[in-house]
Amino acid sequence: MNNWSYSAQRKLIMVAFLAVPLALLCMFTYYPAVRLLVQSFTDWDGISASSEWLGLDNYKEVFTNPALFGVFLHQIPYVVIGVIQNIVAILFAVILNSKIRGRNAFRVMLFLPFIMNAVAVAFMFQYVFDTTNGSLNALLGFLGLESLQQSWLGNTSIVNYSLASIGFWRFMGYNMVIYLGALQSIPNDMYEAAKIDGSNRFQTLWYLTLPNLTKIIQLNMFLTLSGALSVFDLPFVLTKGGPAGASETFLMKTIETAFQFNNFGLASAMSVVLLAFTVIILAVQNAVLNRKGD
Amino acid sequence: MQTKKQTGHWDPVNGLKYVFLAIATFAVLFPPYVVFVNAFKAENEGGDSPFALPRSFLNFDNFANVMDRANIVQAFSNTFLIVAASLIGNVILGTMVAYVLGRIEFRGESVVLGAFLLATIIPTITTQVVVFSLIQSMGMYNSLLAPILLFIGADVIQIYIYLQFIRNIPYELDESGMIDGASLFRIYRSILFPLLGPATATLVILKTINIYNELYIPFLYMPKQELVVVSTSIMRFAGNNQAQWGNICAAILIIMIPTTLLYLFLQKYIFSGVMNGAVKG
């Protein structure tokens with residue numbers, strides 16, 4: 001290769017280096033996406049060589065069958081808890097960005113849940129939430145709050161909040177570290193200037209810190225929203241969608257429709273709907289971020 | 001941010017900060033604490049309060065039980081193979097793409113970059129409905145190759161980190177290589193690849209944690225008993241041993257230890273990865 005001119009080498013390297021990554025990208029991302037779209041108009045059962053064209057029937061089913069589209073209601077608690085999680089994350093980022101003793105130790109500790117194995121965390125919380133032996137009910141009893149004791153994963157009206165709070169426990173520290181990174185990129189001079197101008201710390205927080213975080217807050221909010229759309233692991237491991245289907249999510253339904261009921265056509269339509277929602281959220285996010293940028 | 005007043009008087013806001021931190025510390029550490037103490041409890045201690053200390057910290061029965069029945073050793077070795085193979089693939093392909101996008105100008109560059117970035121927003125699990133039949137037709141169902149190929153092929157976050165990094169490496173280094181007559185491949189391999197070391201370290205750690213935590217891909221593609229990985233082993237074990245908390249806690253503990261240690265020793269790389277990935281993400 002040494003005898004080749006650099007411009008020839010460039011062409012060769014470009015082709016050689018991109019061939020495999022692009023092939024993988026097409027095979028596992030774009031081909032499935034296109035195939036998903038095509039399949040969503042058919043009644044394919046996952047096995048047969050042929051399938052019938054159904055037009056928009058699958059989509060009609062997705063949007064009109066409350067057993068399918070209605071499960072999105074179960075995912076609202078994940079949005080609510082996700083918003084609270086971001087507020088708390090900002091609070092702790094601000095606290096740990098100030099001069100405080102042991103701040104590195106606190107940062108390490110608050111981030112710790114994020115790196116723990118997700119399945120292990122799920123079972124850990126199964127124990128926390130267990131009705132008879134669980135440590136949460138035991139703690140409430142210890143504090144004299146017996147009236148709050150609950151069947152945390154067995155009560156249809158709170159099961160999704162319980163599950164979402166596990167997500168809170170896992171991801172708050174992660175969000176906090178992101179906010180902390182953004183806070184540290186605010187130049188110190190700005191704080192000096194604010195101080196000289198006689199701004200108190202709440203004014204500093206409100207007029208200086210938060211405006212500088214706007215972009216990253218929006219980013220995290222959209223991540224929270226798209227995360228809430230595609231909740232899967234926690235209910236899949238802990239409740240299997242129960243009790244009485246109260247914690248089923250749209251993605252669980254999709255997977256179940258495909259792999260248990262062999263209705264790949266309908267499952268594809270559901271995947272397409274979920275993807276479309278994700279793309280809409282992203283498009284709105286870009287529009288909002290770009291408008292702010294002008 | 002200097003919010004602490006220099007006067008030396010007791011500052012109520014500062015006090016409040018410590019109150020919040022104390023609550024957070026309790027909330028973070030309480031569940032692992034309960035798991036820890038119960039992993040050492042014998043079955044007849046089950047009636048004790050869940051936060052009571054075990055009668056002896058030398059009671060390893062639960063751990064022995066888990067080692068025996070949950071295929072832990074096999075799970076760890078399968079997980080290790082998957083992590084190692086996926087990481088080698090990720091590092092090689094990631095640096096190659098970053099080299100082309102960062103160093104060679106060509107028409108369609110932004111299309112290629114856009115194609116990689118757009119892929120990151122598609123939740124992997126939604127396309128499994130199609131990918132599953134693809135993997136099956138390639139004859140990789142129930143083999144370690146399925147998750148390896150999916151972790152290499154479907155996940156392209158690493159390109160962000162590498163691209164950011166390579167753009168900060170001065171082009172003069174490439175030029176000095178060219179003056180010495182080195183081929184571009186040599187410049188990539190001997191100059192840029194080593195300089196991307198810190199990015200590689202960050203990536204290796206973050207990906208290790210991701211793959212170690214992944215549940216659904218091994219669950220879907222490797223139902224065979226011998227192909228158990230860490231995530232699926234605890235899922236099966238807990239399913240077969242409902243409410244035997246001592247055993248389940250021991251299993252949780254065994255599984256949490258490796259990444260926790262990795263984290264405590266290598267936090268610097270993890271934090272820099274999370275911060276960089278997020279700000280540019």
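The values are calculated or read from the model by the stated rules, or taken from the named source; none is laboratory data. Computed from a predicted structure; not experimentally measured. Here the Cβ is made from the backbone with ideal geometry for all residues, glycine too, and neighbour counts use every protein chain on show.
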Quiz prompt | Filter result (part of a loop (DSSP other than H, G, I, E, B), of a type in the set (A, V, I, L, M), more than 7 Å from chain B (Cβ to nearest Cβ) and free of Cβ contacts under 8 Å to residues at least 40 places away in the same chain) within region A:1-58 | solution = A:Ala49, A:Leu56
Exercise. Filter region A:238-276 for residues that are under 30 Å from A:Phe123 (Cβ atoms) and among the aromatic types (Phe, Trp, Tyr) and give the result.
Key: A:Phe250, A:Phe259, A:Phe261
Exercise. Please give the number of the condition B:Lys207 fails out of (1) farther than 17 Å from B:Gly94 by Cβ; (2) among the basic types (Lys, Arg); (3) away from every other protein chain (no Cβ under 11 Å).
Key: (1)
Quiz item: List the pairs whose first member sits in region A:89-102 and is within 8 Å of chain B (Cβ to nearest Cβ), whose second member is of a type in the set (Val, Ile, Thr) and surrounded by 16 or more Cβ atoms within 10 Å (Cβ to Cβ), and whose Cβ atoms are under 7 Å apart, counting only residues at least 6 apart or on separate chains?
Solution: A:Val94/A:Thr209; A:Ser98/B:Thr3
Practice problem: Within region A:191-211, track down each residue that is at pLDDT 85 or above, in contact with a Ser or Thr (Cβ under 9 Å, 6 or more places away or on another chain) and surrounded by 14 or more Cβ atoms within 10 Å (Cβ to Cβ). | Solution: A:Tyr191, A:Ala194, A:Lys195, A:Thr204, A:Leu205, A:Leu208
Exercise. Please work out which one of (1) part of a helix (DSSP H, G or I); (2) modelled with pLDDT under 90; (3) touching a Ser or Thr at 6+ places or on another chain (Cβ under 8 Å); (4) away from chain B (no Cβ under 11 Å) is the condition A:Leu163 fails and give its number.
Key: (2)
Quiz item: Across region B:99-131, what is the number of residues that are touching a Phe, Trp or Tyr at 6+ places or on another chain (Cβ under 7 Å) and closer than 30 Å to A:Phe259 by Cβ?
Solution: 3
Quiz item: Does A:Met109 count as closer than 30 Å to B:Asp11 by Cα, at the interface with chain B (Cβ under 7 Å from one of its Cβ atoms) and buried (at least 16 other Cβ atoms within 10 Å of the Cβ)?
Solution: yes
Exercise. Taking only region A:122-141 into account, find how many residues are at pLDDT below 85 and more than 8 Å from chain B (Cβ to nearest Cβ).
Key: 2
Quiz item: Can you tell me which residues in region A:205-221 are more than 8 Å from every other protein chain (Cβ to nearest Cβ) and closer than 14 Å to A:Ile87 by Cα?
Solution: A:Leu205, A:Trp206, A:Leu210, A:Leu213, A:Thr214, A:Ile217, A:Gln218, A:Asn220, A:Met221
Practice problem: Go through (1) modelled with pLDDT of 85 or more; (2) in contact with a Lys or Arg (Cβ under 8 Å, 6 or more places away or on another chain) and name the single condition A:Val273 misses. | Solution: (2)
Exercise. Give the residue that is farthest from A:Tyr6 (Cα to Cα), with candidates limited to residues of region B:170-201 that are more than 11 Å from chain A (Cβ to nearest Cβ) and in contact with a Phe, Trp or Tyr (Cβ under 9 Å, 6 or more places away or on another chain).
Key: B:Ala201
